[in-house]
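The values are calculated or read from the model by the stated rules, or taken from the named source; none is laboratory data. Everything numeric in this text was worked out from a predicted model, so none of it was measured. Virtual Cβ from ideal backbone geometry, glycine too; neighbours counted across all protein chains shown. The protein model used for the area step is the full one, side chains on, heavy atoms only, and it has no ligands, DNA or RNA in it. Shrake-Rupley method; radii C 1.70, N 1.55, O 1.52, S 1.80 Å.
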2 protein chains.
Amino acid sequence: MEIKNESITRREDDFAKWYTDVCRKAELMDYSSVKGFIIYRPYGYAIWENIKEYLDKKLKETGHQNVYMPLVINESLFNKEKEHVKGFAPETLIATIGGEDKLEDRLIIRPTSEVLFCEYYSRILSSYRDLPLLYNQWCSVVRWEKTTRPFLRGSEFLWQEGHTLHESEEEARHEALNILDIYDTMARDLLAIPFVKGIKSDKEKFAGAKETYSCESLNPDGKALQCGTTHYFGTDFPKAFNVSYQGRDGKVYTPHETSWGTSTRLIGALIMMHGDDNGLVLPPYVAPTQVIVIPIAQQKEGVIKEARLVYEELKKAGIRVDIDESDDKSAGWKFSEYEMKGVPIRLEIGPRDIEKGNVTLVKRNDGEKVTVSRENLVESVESLLKTIHNEMYKKASDFLNSHTYEVHSYRELVELMNENKGYAKAMWCGDPECEKKIKDETSATIRCMPFNQLPVDDKCVVCGKKAEKVCYIAKAY
Amino acid sequence: MEIKNESITRREDDFAKWYTDVCRKAELMDYSSVKGFIIYRPYGYAIWENIKEYLDKKLKETGHQNVYMPLVINESLFNKEKEHVKGFAPETLIATIGGEDKLEDRLIIRPTSEVLFCEYYSRILSSYRDLPLLYNQWCSVVRWEKTTRPFLRGSEFLWQEGHTLHESEEEARHEALNILDIYDTMARDLLAIPFVKGIKSDKEKFAGAKETYSCESLNPDGKALQCGTTHYFGTDFPKAFNVSYQGRDGKVYTPHETSWGTSTRLIGALIMMHGDDNGLVLPPYVAPTQVIVIPIAQQKEGVIKEARLVYEELKKAGIRVDIDESDDKSAGWKFSEYEMKGVPIRLEIGPRDIEKGNVTLVKRNDGEKVTVSRENLVESVESLLKTIHNEMYKKASDFLNSHTYEVHSYRELVELMNENKGYAKAMWCGDPECEKKIKDETSATIRCMPFNQLPVDDKCVVCGKKAEKVCYIAKAY
């Protein structure tokens, strides 16, 4: 009897259920016995390693250095910057017992590390010659969440957090914007995801920041997902921690601060953006396995041998390739299995292919079959990986464009949001009351005000007063 | 006025003070406001990144996969394996408040993750076809320590922990021994440190393990440092967590488990093993900067330009090179600074060198100066890096050999240990009472029983009874 692949919920039946089905059936993650703390299984963690490798290289190329700060912050230190505390205090995990003794100063498990970096900077910064300080760390952080979803919102998640100090506001803002560009380029070149980029409203900005910039994807269910943020802090945070330096003129100054981060939420973005009813669909350059070699009629003489030669050839060329020779599963089962795991190319090789000197390549993103000659195998595969990446990015961009609507009336806005249509591009007067009304009545939020401010109207979509700011509005995760 | 380099304690005056001086003056780490939780500064963290890169590659080549398990373990789950709990309970950090609410099941910040892996394995293991399971994770762990020292013993440290399951005892033991070999090879090829390897006594083995293997260095102060351990657990731990699988004969079996780890303690080993009174001395292949280019008389025309050409040439060849063009510090200050940081080669280039078509290379490990032609610069530097590595490994090996003493009487043992002479190689009858006496009276411990059991005597060095086991005995960190 053939072993059957487990099936998953269809996207149109229940997108949320489909999502968690894919998370588990593609073996990306598993739940642990503590709610909100997930297990990153090898396949899911390998995706994160590829994201890390790409981003770490870009950050080092732009002069950033990695450090590692403590997992814990004393409560007394944590309480130093009021705005920041207000934002994070309700969702902290607090350790109160160490080595069987009650702790006098309780320890906050870091929800983010602004406090730790600032405290440290206050001790190492002395002269303008030390600036800029461009530090980054890869770690896990804990935010005690009531509602959790794998990769999208967890009580623990993995991320990188950059924390930098600069001489001038201009330089600090440039840093925050430059990092946002690095995130954006990564999304385009590695994840095949187009972002909308812009400035957060005051209400939505990071606790303690002067300005928050964000990049957001638009998922096929019409909801936005904040994928990365960068913050310009001004000098308030450094001031609260007595961070200062001697400037070029010998006087004492407070440096300008930024912080920024992306997290394992990007894995969630990948799943939702590209997945289909057969499971995960991974863009080639972030896929842990780019090609899966499946021998057809593998019991026939010479098939396994040829399949291994193909595998070795691709591996030698630096392509991330795997081979499934297992004899307790049918070829059909294997097809479904690697479709579920989203491997970009399935390479089939059987007696007939061998006879003709061909192999068959099947594209995960659209199921198209291509027969290519063994002679130019590596070139054909490399070229097809590139094609797949471009097709996936185009599909996602087309979706973003066709699901972004210029909106001129509040009624239109409410309708769009109720139907989860995508982004509304609309004018806002800047009044927090109008922003609140949108959220209260549609549960959508202003995702960001794009850098490229091309007005679509001249009055606020909510109150009708004069408005100058174009916003992207959507429901979000 | 010339800026002076800060000086450090001399090793012979106070080895412990010298050690912490180097940790801080070489900018490897800094203290945070929570005792035992250190800040890994860029230079220190870069060393760890090089260790990680080396080891991660070896582990992947041998079939291991990376995962990430939660930071926390519920107390109820943690309490499942009695022996293990007994070992770790006294040094756990416990979170009792999450999101402003008191937690019903308190959360232990992971001191190690056997429990998490076993609980997970119980859910994913079903058939012998799934074995072996070869998982590893890179993370930080917390053990609440009373006495802490940077890198050597901290309440938080960074490490990798491998956790594997196997069909047979033989295969599991082979895994534990094979990983010990990987650690040993890394120490030899990357860290230039020779290890003594062997089996721990029952008293010294890991909480819950059937057998613990360890690799230990011998520092210039005559003390041993445990640098990595691997454990064969047998089936007790998996049994406690109901981990089982269907074997080749259709019956249900419990798998055999191993775990193993190395940590940022290796940075401590590097510092102590190779450092001198001028600071850190880093072996070339683990050094974040292998060559520092220092222009001499840099205000003279053409010097900076030539220095940059040299820098670019080495960089292009893949050598980790840096250049110090700063004009507010003298060349002498720079010499001391990069000596403190242990950069293996200082490359000096000044007007006279340029005229002659030479550069001067100065070896950090022994101060030797070599003049080499610009023409074969890359080859000369690569060859000198290799020479430095070999010299450093030889020096450390010679020290280990000349400070390992065959001991035949208890009096000799006590004398050696009191004088911190190094390793005593002595016979032990296996009686825990004799082991305890050594510890109580000399504060030295049995570090391990080497795999290569060449008896040095036939009676126990403590009680004089018949003895078959050769041990390495030393004081340890």
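Numbers at a glance
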item: Residues satisfying the stated conditions in region B:102-116, i.e. at the interface with chain A (Cβ under 9 Å from one of its Cβ atoms) and crowded, with 24+ Cβ neighbours inside 10 Å; result: B:L107, B:I109, B:L116
item: Subset of region B:319-363 that is open to solvent by 40 Å² or more (accessible area, probe 1.4 Å) and of a type in the set (F, W, Y) - its residue that is farthest from B:P283 (Cα to Cα); result: B:F335
item: Subset of region B:62-82 (residues that are among the polar types (S, T, N, Q), in contact (Cβ under 8 Å) with a residue 40 or more places away in the chain and facing another protein chain (nearest Cβ under 9 Å)); result: B:Q65, B:N66
item: Any hit, region A:204-212, residues being open to solvent by less than 10 Å² (accessible area, probe 1.4 Å), in contact with a Cys (Cβ under 6 Å, 6 or more places away or on another chain) and not aromatic (F, W, Y); result: no
item: Residue in region A:364-371 that is open to solvent by 30 Å² or more (accessible area, probe 1.4 Å), of a type in the set (S, T, Y) and part of a helix (DSSP H, G or I) present; result: no
item: Given (1) of a type outside the set (A, V, I, L, M); (2) in a loop (DSSP other than H, G, I, E, B); (3) touching a strand residue (DSSP E or B) at 6+ places or on another chain (Cβ under 7 Å), number of the condition A:S76 does not satisfy; result: (2)
item: Region B:137-158: number of residues that are under 16 Å from the mean Cα position of the chain (by Cα), within 12 Å of chain A (Cβ to nearest Cβ) and assigned to a strand (DSSP E or B); result: 7
item: Scope region B:213-246; condition surrounded by fewer than 23 Cβ atoms within 10 Å (Cβ to Cβ), of a type in the set (S, T, Y) and assigned to a strand (DSSP E or B); matching residues; result: B:Y245
item: Region A:440-455 - residue that is in contact with a helix residue (DSSP H, G or I) (Cβ under 9 Å, 6 or more places away or on another chain) and in a helix (DSSP H, G or I) and, of those, least open to solvent (accessible area, probe 1.4 Å); result: A:T442
item: Top-ranked residue in region A:251-279 [being out of contact with any Leu (no Cβ under 9 Å at 6 or more places or on another chain) and either of a type in the set (S, T, Y) or part of a helix (DSSP H, G or I) (or both); ranked as surrounded by the most Cβ atoms within 10 Å (Cβ to Cβ)]; result: A:S259
item: Any hit, region B:415-430, residues being more than 18 Å from B:G198 (Cβ to Cβ) and free of Cβ contacts under 8 Å to residues at least 24 places away in the same chain; result: yes
item: Top-ranked residue of region B:87-101 - restricted to ones that are more than 7 Å from chain A (Cβ to nearest Cβ) and more than 22 Å from A:V85 (Cα to Cα), ranked as surrounded by the most Cβ atoms within 10 Å (Cβ to Cβ); result: B:T92
item: Of residues in region A:460-477 being farther than 17 Å from A:L218 by Cβ and surrounded by 15 or more Cβ atoms within 10 Å (Cβ to Cβ), the one nearest to the chain's Cα centre (by Cα); result: A:K469
item: Residue match in region A:43-60 (condition: outside any helix (DSSP H, G or I) and at pLDDT 95 or above); result: no
item: Test: residue in region B:117-136 that is within 10 Å of chain A (Cβ to nearest Cβ), among the β-branched types (V, I, T) and in a strand (DSSP E or B); result: no
item: Residue in region A:22-41 that is nearest to the other protein chains (Cβ to nearest Cβ), counting only those that are open to solvent by 20 Å² or more (accessible area, probe 1.4 Å) and part of a helix (DSSP H, G or I); result: A:R24
item: Qualifying residue in region A:7-20 (condition: within 14 Å of chain B (Cβ to nearest Cβ) and either within 26 Å of A:V115 (Cβ to Cβ) or assigned to a helix (DSSP H, G or I) (or both)); result: no
item: Failed criterion for A:R149 (all others in (1) touching an Asp or Glu at 6+ places or on another chain (Cβ under 9 Å); (2) charged (D, E, K, R); (3) surrounded by 16 or more Cβ atoms within 10 Å (Cβ to Cβ) hold); result: (1)
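Condition check ((1) at pLDDT 95 or above; (2) assigned to a helix (DSSP H, G or I); (3) touching a Ser or Thr at 6+ places or on another chain (Cβ under 9 Å)) across all residues:
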| residue | (1), (2), (3) |
| --- | --- |
| B:L177 | yes, yes, yes |
| B:I182 | yes, yes, yes |
| B:P194 | yes, no, yes |
| B:A209 | no, no, yes |
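Listed here are the residues, each with its yes/no results for (1) touching a helix residue (DSSP H, G or I) at 6+ places or on another chain (Cβ under 7 Å); (2) free of Cβ contacts under 8 Å to residues at least 12 places away in the same chain; (3) within 14 Å of chain A (Cβ to nearest Cβ); (4) part of a loop (DSSP other than H, G, I, E, B).
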residue	(1), (2), (3), (4)
B:V281	yes, no, no, yes
B:P284	yes, no, no, yes
B:T289	no, no, yes, yes
B:I294	yes, no, no, no
B:K315	no, yes, yes, no
B:E325	yes, no, yes, yes
B:K329	no, no, yes, yes
